[in-house]
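First comes the structure, then the notes that go with it.
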């Protein structure tokens, strides 16, 4: 078996059928699907149980979060490559075929990705690029756009559990510390932004990944890593200032390091000073 497709499921009854149907419509057929229902309270399970395809494996459990769900799927996956697909994302019918063809053309690589339909990168060619510096880009990889050789998880571990946002960025960075990416700047995955429980719209940033840990990662291009990390910390600082949570904003701002993004850091420092003392 070539692909194991892991679908974490939590209260996506209005979207999961379209997601599964987009897998069934793939032109490449050598795959298994592992759907893990992470404690849904809606009719998601009723929808999944309507499918009678032996390639679909369905597991139910108490809610533990998306990282733990993906990690469980990785442990039982049998495919050479792991693909992740959220239960409100859709694949183009040639997604797996396209990524499979890249694995055959570049057999010495272990991480492959396309792009999301609304995230085509204008500075890259509309073909294959070998990405050597992930930190150069804001968010070049979407979870549903990437495939990873199974053995990488044995080496690097799974997704960070206990955080609500940024666990995927952390995984891509851990991989990028040692491996380059074969990237095709072609939109083969779509995400409908109107989903009713879109986590990125509701998460408390203090429950996101502790991005300052990245400073210690063995990333080969340290200046790029520092820029990328500071950008994430500044983003969280701004969000907390907007929510009038100034002490927490100060905590995140103090985590910035180096001489990168100095101007926005100074601007935020002045904003915090006047908010706290005036």
Seminar exercise, completed: Residue span residue 52 to residue 118: 0.36 nm per residue of separation minus Cα-Cα distance leaves a gain in nm of 20.5 nm
For this session: Quote the FRET efficiency, to the nearest 0.05, computed for residue 251 versus residue 78 with a Förster distance R0 of 45 Å and r equal to the Cβ-Cβ distance.
Result: 0.55
Exercise. Among 17, 136, 52, whose mean-square fluctuation peaks in a Gaussian network model of the chain (Cα, cutoff 10 Å)?
Worked result: 52
Exercise. Quick one, which of [x] 60, 21, 14; [y] 34, 23, 16; [z] 27, 22, 18 is the actual semi-axes √(5λ) of the Cα gyration tensor in Å calculated for this model?
Worked result: [y]
For this session: Treat each spin label as a single point 7 Å out from the Cα along the C-beta direction, and report the residue 190 to residue 204 distance in nm.
Result: 3.6 nm
Exercise. Length gain on complete extension for the stretch residue 108 to residue 28, per 0.36 nm per residue less the alpha carbon to alpha carbon distance?
Worked result: 26.7 nm
Seminar exercise, completed: Tilt, helix 262-277 to longest principal axis of the chain (alpha-carbon atoms), in degrees rounded to tens, equals 70 degrees
Exercise. Gaussian network model of the chain, Cα springs within a sub-10 Å range: biggest mean-square fluctuation belongs to which of 110, 27, 142?
Worked result: 27
Exercise. Relative to the present Cα-Cα distance, how much length would full extension add between residue 178 and residue 262 at 0.36 nm per residue of separation?
Worked result: 27.4 nm
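Could you check what % of the DSSP bridge pairs in the range 3-195 are antiparallel, to the nearest 5? Present the calculation step by step, with values, prior to reporting the outcome.
Details: 12 of 33 bridges.
Taking every DSSP beta bridge within the range 3-195, about 35 percent pair in antiparallel fashion.
Ordered by packing density, taken as the mean number of other Cβ atoms within 10 Å over each peptide's residues, highest first, how do 60-66, 173-179, 111-117 rank? Before the final figure, lay out the partial values.
Working: 60-66: 14.7, 173-179: 18.9, 111-117: 22.3.
Result, highest mean Cβ count within 10 Å first: 111-117, 173-179, 60-66.
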For this session: Report, in whole Å, the centroid distance computed from the Cα atoms of the range 208-278 and the range 33-51.
Result: 39 Å
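Order the peptides 87-95, 243-251, 28-36 from the highest to the lowest mean number of other Cβ atoms within 10 Å of their residues.
Numbers: 87-95: 21.2, 243-251: 15.1, 28-36: 19.7.
Ranking, from highest mean packing down: 87-95, 28-36, 243-251.
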Seminar exercise, completed: Quick calc: nm separation of the 7 Å Cα→Cβ label points for residue 127 and residue 242 -> 4.0 nm
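Among 171, 1, 232, what is the fewest-to-most ranking by other Cβ atoms within 10 Å? Don't skip to the end; give the middle numbers.
Working: 171 25, 1 12, 232 21.
The most exposed by this proxy come first: 1, 232, 171.
Just so you know, all these numbers are worked out from the coordinates, no wet-lab data involved. This structure is a prediction, so every number in the text was calculated from the model and none was measured. We place every Cβ from the backbone using ideal geometry, glycine too, and count neighbours over all the protein chains shown.
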